[in-house]
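Asks: A single structure is presented below for examination.
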Amino acid sequence: MKAPGFWSNPPTRPGWQARLLAPLGALYASATARRMRRAGHRASVPVVCIGNLNAGGTGKTPTTLALMQSLSARGLAVHVVSRGYGGTLEGPVRVDEREHSAAQTGDEPLLMAAFGPVWVAKDRAAGVAAAEAAGAQVILLDDGFQNPSVEKSAALVVVDAAVGFGNGRCIPAGPLREPVTAGLARADAVLAIGPEDKVARFRRDWAQALAGIRVFSATLEPLQTGMHWNGLRVLAFAGIGRPGKFFETLRQTGANVVRMQALSDHQPLTHALYLRLDAEARREKAQLVTTEKDAVRLPMAQRRQVLTLPVRLRIADEAGLIEALRL
């Protein structure tokens, strides 16, 4: 479920605005609570939900990829089921990265399909049933933590440690889809993504709410591909939950970021937008660079002209996390 409104990652409101909007936030939280009382489809295999309490990007996709690869390495047939946000396909349909486009499946499922079986389905229960029928031994439910249509055998709440749970208020008074206590009561573990100091601060700031739940940490690190970024002049663009994270990671590689273009999450990369970015890059004598998720929204001809900076999630205690999810 995406948050209503014009933002992809609602900001924490200043104190007076948050107090003014608090009644609307309470209504939003109440609607979520009522929806979660419904019974969902029970699968015959483990279904692990990878979700969040915040609206917008927190790192669910790299978390899903990391667990997908780790569980596959253990010999399990892992399938991902996604609603396919932004895509036109109703599903359930298995994503084929050679045949489908991001406009059909959404960008995240298309990206993940390169790593294993991914299904898109507006009806998540139908998607889970299709994955079961295709031989899935474990199903990773991408998002859907606030969706009751599928019964989860375990749930992981992913948090951007630098943001935490914001001001602790629900949309539109804050960034949350539901109150922290209500959400964490259904979670089996929390994964805080970010540098060590940010994770430590998140643990301190939310120590009371996190009491009794296992909290794991992880960092996003550039994938070593042999690409030499140091000193390379680049024009970077990104349409993810927090584009600033991508720009900072790019700087850390040593790249000379001469221009940054932040786009809204999942923003269509139209031909006109690409031509403008390409013209600016030429003027700056810079190379266009974007994220893997953004790249799959580009037509193939344009994709070949744009570099990507792949990142992968490094989970500090991966074995412990898998144990906490009862896998």
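Asks: Can you compute 3J(HN,Hα) from phi for each residue in segment 168-182, using the Karplus curve 6.51 cos²θ - 1.76 cosθ + 1.60 with θ = phi - 60°, rounded to whole Hz and x for Gly and Pro?
Replies: My calculation for segment 168-182 gives x, 9, 8, 3, x, 6, x, x, 9, 7, 7, x, 4, 4, 5 Hz in order.
Asks: Let me ask another. Tell me, how many Å apart are the Cα centres for segment 35-101 and for segment 171-209?
Replies: Taking the Cα centre of segment 171-209 as reference, the centre of segment 35-101 is 21 Å away.
Asks: Can you give me the orientation-averaged projected area of the convex hull built on the Cα atoms of segment 38-131, in nm²?
Replies: 6.4
Asks: Along Cα→Cβ, 7 Å out, is where each label goes; now give me the distance between the ones at residue 209 and residue 259 in nm to one decimal.
Replies: My value for the distance between the label points is 3.9 nm.
Asks: As a check on your grasp of the helix formula, calculate [θ] at 222 nm for the chain: sum -39500 (n - 2.57) over DSSP H runs of n ≥ 4, divide by the residue count, round to the nearest 500. Walk me through the numbers on the way to the answer.
Replies: Values: 13 runs with 112 residues, N = 327.
Value at 222 nm, helices only, nearest 500: -9500 deg cm²/dmol.
Asks: Work from the charge dipole of the chain (Cβ charges, +1 for Lys and Arg, -1 for Asp and Glu, about the Cα centre) and give the residue of 172, 85, 126 farthest towards its positive end.
Replies: Of 172, 85, 126, it is 172.
Asks: Please list, ordered by chain and number, the residues whose modelled amide H lies under 5 Å from the amide H of residue 216; skip anything fewer than 5 residues away on the same chain.
Replies: Counting only residues 5 or more places away or on other chains, the set is 190, 191, 192.
Asks: For the chain, with only Lys/Arg (+1) and Asp/Glu (-1) charged at the beta-carbon, what is the dipole magnitude about the Cα centre, in debye rounded to 20?
Replies: Charge dipole, the chain, about its Cα centre: 680 debye, nearest 20.
Asks: Let's test this: bin the Cα-Cα distances of segment 119-221 at 5 Å from zero up to the farthest pair and state each bin's percent.
Replies: Percent of Cα pairs in each bin: 2, 11, 20, 20, 16, 14, 9, 5, 1.
Asks: In addition: Pop out the ³J(HN,Hα) list for segment 100-111 in order, Karplus 6.51 cos²θ - 1.76 cosθ + 1.60 with θ = phi - 60°, rounded to Hz; leave Gly and Pro as x.
Replies: Each residue's phi maps through the Karplus curve to give 8, 10, 4, 5, 8, 10, x, 6, 5, x, 5, 5 Hz.
Asks: Please express the Cα-Cα pair-distance distribution P(r) of segment 171-258 as a list of whole percents, one per 5 Å bin, running from 0 to the bin with the greatest distance.
Replies: Over segment 171-258, the share of Cα pairs per 5 Å bin runs 3, 11, 16, 18, 16, 12, 10, 8, 6, 1 percent.
Asks: Volume per residue, Å³, of the convex hull around the alpha-carbon atoms of segment 195-327? Display every interim value, and only then the final one.
Replies: Details: hull volume 19.1 nm³, N = 133.
Looking at segment 195-327, the number lands at 143 Å³ per residue.
Asks: Using the Kirkwood formula over every pair of different C-alpha atoms, what hydrodynamic radius in Å results for segment 264-304?
Replies: 10.8
Asks: Near the amide H of residue 312, under 5 Å away, which other amide H atoms are found, from residues 5 or more places off or on another chain, if H is placed in the peptide plane?
Replies: Placed amide hydrogens put 221, 223 under 5 Å from residue 312.
Asks: In whole Å, what are the extents of segment 108-157 along the principal axes defined by its C-alpha atoms, from largest to smallest?
Replies: Rounded to whole Å, the extents work out to 27, 23, 20 Å.
Asks: With a cap of 10 neighbouring Cβ atoms within 10 Å, and only residues DSSP puts in a loop, list the GluC sites (Glu not before Pro) found in segment 82-148. Intermediate results must be reported in sequence, preceding the final value.
Replies: Numbers: sites: 90, 97, 99, 132; in loops: 90, 97, 99.
In loop regions of segment 82-148 (DSSP not H, G, I, E or B), the sparsely surrounded GluC sites (Glu not before Pro) are 99.
Asks: When the Karplus curve 6.51 cos²θ - 1.76 cosθ + 1.60 is applied with θ = phi - 60°, which whole-Hz ³J(HN,Hα) does each residue of segment 259-275 get, with x for Gly and Pro?
Replies: 7, 10, 10, 7, 10, 6, 4, 6, 4, x, 9, 5, 4, 5, 5, 4, 4
Asks: Okay, moving on. Which Cα, out of 184, 237, 277, lies furthest along the positive dipole direction of segment 173-287 (beta carbon charges, K/R +1, D/E -1)?
Replies: The one lying farthest along the dipole's positive direction is 277.
Asks: Counting only residues 5 or more places away or on other chains, whose amide H sits under 5 Å from the amide H of residue 150 once H atoms are built in the peptide plane?
Replies: 41
None of the figures in this text is laboratory data; all of them are computed from the coordinates on show. Here the structure is a predicted model, which means the values were calculated and not measured. All Cβ positions, even for glycine, are placed from backbone atoms using ideal geometry, and neighbour counts span all protein chains on display.
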